[in-house]
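Everything below concerns the one structure shown next.
Just so it is clear, none of the values below were taken in a lab; they were calculated from the coordinates. Since we're looking at a predicted model, the values are computed, not measured. All Cβ positions, glycine included, derive from the backbone under ideal geometry; neighbour counts span all protein chains shown.
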Amino acid sequence: MSLLRLRSLVRPRGVVSLTSYRLYSALPTTCPSCNRPLPTRLPICPACSHIAPLPSSTNYYSLFDLPENTYKVDTKDLRNRFLKTQRLTHPDAWSAKPEKDKAAAANYSSFVNKGAEYLLSLRGVEMGETDSLEDQHFIIEIMDSRENVEVAETRDDLESLLEDNNAQVQDEINTISNAFDRGYLQTAKEASIRLKYRLGVQDSINARLHNM
């Protein structure tokens, strides 16, 4: 992946990257409404239900409270940070709030998903520019799969993971085939996106097996 491609991914449209670690460190740590400590680096407070618009200085690293421009991402740590952030930003948690708060939460939730996709791409899973995952459960599943590959200690462990993943790959292929036969193009597209992630897991397993 080229450096230009990396920078285009880390800076989503309308969001400006942090220019220095000093600016990153200056992100709010307390709620501007009730002054309680914020659970993440985002201006979202579960204590008083305060939510501010996405700061223009936010990038994917600051989103998950990671050191800027690090390309070595711990999958388990990313999963925990993703869950923590997603719980705060999930639109369901703001369904009874004013429209402006619901819109802000939806914007955050989408940004969180894209951030997880980008950081996963640093582990070798690259998506097309127009591909996007909206299923939080699937994102977590892929994170777990990546972690399982990383911590597997024996060849038998890896082969077991490969067998399970191959079955999931075949399921996605069957879904794509059936969806095309029935004209369900959106279903086929969603399964194709999932398939790319499954194949990425497959590649990582095979790479570890090759190096054993």
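Here are some notes:
- When the alpha carbon gyration tensor of the stretch 129-212 is reduced to an equivalent ellipsoid, its three semi-axes come out at 27, 14, 10 angstrom, largest first.
- Of Ser177, Gly200, Thr154, farthest towards positive along the dipole that unit charges on Lys, Arg, Asp, Glu beta carbons give the stretch 152-210: Ser177
- Positive minus negative residues near Arg208 (Lys, Arg vs Asp, Glu; Cβ under 12 Å): -3
- Those lysines that a straight Cα-Cα span of less than 25 Å connects to Lys84, excepting residues fewer than 8 apart in one chain: Lys72, Lys76, Lys97, Lys100, Lys102, Lys114
- Total formal charge among the other residues, if their Cβ is under 12 angstrom from that of Thr175, Lys/Arg +1 and Asp/Glu -1: 0
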